[in-house]
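Engineer: The structure follows.
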Amino acid sequence: MELTRRGMLKGALAVAAAGTFGLRAGWSRAAIDLGEATVEVLSDGHLTLPADFIFAPMPPDELGAVLEPYGIGPNAPLTPECNVTLLRKDDMVVLFDAGAGSTFQDTAGKIAEALDAAGLAPEDVTHVVFTHGHPDHLWGVLDDFDEPFFSEAQHLFGKAERDYWMDPNTVDSIGAGRTAFAVGAQRRLEAMEDAMTFFSDGEEILPGVAAYMTPGHTPGHMSFEIRSGNESLLVIGDAISNHHVAFARPDWPSGSDQDESMAAATRVALMDRLASEQMRFVGFHLPGGFGRAERDGSFYRFVEGEG
């Protein structure tokens with residue numbers, strides 16, 4: 001399913017009519033100590049999505065039973081959180097993704113308030129590291145005057161992801177419902193070119209931060225392992241993009257992924273690693289951000305929390 005403006009508005013109206021579904025209040029929500037570092041989750045707000053943006057390619061005769069334990073209907077609009085990860089280590093103040101900015105959805109783009117609640121200003125950020133180029137992750141890089149929002153920061157972006165969005169063929173090949181994604185990504189990457197450096201799979205991009213390809217959601221989607229002392233945590237972006245079907249049936253296709261089969265393969269492999277190693281992770285759209293994956297028979301479940 002393609003995310004059209006009409007579809008987004010339809011979902012937003014349905015949410016407004018039904019209430020806020022218990023959305024969490026507060027901008028800076030959770031933090032953990034990781035060796036000598038501190039990792040925090042900052043809220044950029046939330047998105048409002050029509051159900052079929054995620055569920056359309058899934059088997060309808062099985063979907064309802066998978067969603068029922070979570071209190072989610074297969075046709076209900078979704079309001080996923082937007083969790084920006086903040087790393088403080090030595091003299092580094094690192095954001096993983098820039099948030100949505102002011103032009104994507106009204107319910108997102110709240111990173112300035114979140115930073116303020118964390119005692120920071122945009123100019124205090126030393127590095128912005130991107131998982132991928134979708135609007136809710138990239139568009140916040142520019143302010144309302146098309147100036148860099150994080151004016152003092154070095155910006156780090158995956159080379160494969162950059163090449164995909166800057167390819168002139170992407171606008172035509174991405175599908176009508178995502179054309180605006182491609183146009184918006186190109187404009188922002190061009191505007192930030194002088195402030196950006198590009199990295200590849202397996203690189204240590206900052207001290208204690210290594211980048212790993214987790215493709216499928218987008219062609220060059222990256223996850224990041226943060227290590228400090230004997231402890232580690234994985235920033236997974238949208239490689240696992242919800243707390244229900246992605247865990248209960250990681251092998252199912254999701255409509256939010258640009259390459260559904262590749263994303264499913266990535267998800268299955270990543271879930272196995274996270275559960276086997278009991279590794280903490282933070283997901284951009286997972287409730288509370290922090291959590292672990294536990295095996296549940298042949299599949300998995302999300303265990304929310306910092307522990």
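Laboratory data are not the source of any read-out in this text; all were calculated from the coordinates shown. Source: prediction; values computed, not measured. In this analysis, Cβ positions are derived from the backbone assuming ideal geometry, glycine residues included, and neighbour counts consider all displayed protein chains.
Engineer: When a/c reaches 1.5 or more, the comparison of a/b and b/c decides; with that in mind, is region 165-262 rounded, prolate or oblate per its Cα gyration tensor?
Structural biologist: Oblate shape, in that a/c is at least 1.5 and b/c is the bigger or equal ratio.
Engineer: For region 51-83 and region 144-172, what is the separation of their C-alpha centers, rounded to whole Å?
Structural biologist: 31 Å
Engineer: So for region 5-304, taking the charge dipole from beta-carbon charges (+1 Lys/Arg, -1 Asp/Glu), which of I72, Q278, G175 sits furthest toward the positive end?
Structural biologist: Highest projection toward the positive end goes to I72.
Engineer: Can you tell me the order of 186-198, 42-54 when each peptide is scored by its average per-residue count of other Cβ atoms within 10 angstrom, highest first?
Structural biologist: 42-54, 186-198
Engineer: In addition: How many nm is it between the label spots at D146 and E260, if each spot is 7 Å from the Cα in line with the beta carbon?
Structural biologist: Here the modelled spin labels are 3.7 nm apart.
Engineer: Could you rank the peptides 213-222, 131-140, 70-79 by their average count of other C-beta atoms within 10 Å per residue, with the highest value first? Write down the numbers at each step before the final one.
Structural biologist: Values: 213-222: 24.6, 131-140: 26.6, 70-79: 16.6.
My ranking of the peptides, most packed first, is 131-140, 213-222, 70-79.
Engineer: Under a crude label model (7 Å from the Cα following the beta-carbon direction), how far is D124 from D33 in nanometres?
Structural biologist: Using points 7 Å along Cα→Cβ, the separation is 2.0 nm.
Engineer: Take V171, project a point 7 Å from its Cα along the Cβ direction, then tell me which residues of region 121-157 have their backbone nitrogen under 19 Å from it.
Structural biologist: The answer is 133-135, 139.
Engineer: Could you work out the helix-only [θ] at 222 nm for the chain, with each DSSP H run of four or more residues adding -39,500 (n - 2.57) and the total divided by the number of residues, to the nearest 500 deg cm²/dmol?
Structural biologist: Mean residue ellipticity, 222 nm, calculated: -7500 deg cm²/dmol.
Engineer: Still on this model: Apply 1/(1 + (r/R0)^6) to the Cβ-Cβ distance of R187 and Q278, taking R0 = 35 Å, and write down the FRET efficiency to the nearest 0.05.
Structural biologist: Efficiency for this residue pair is about 0.25.
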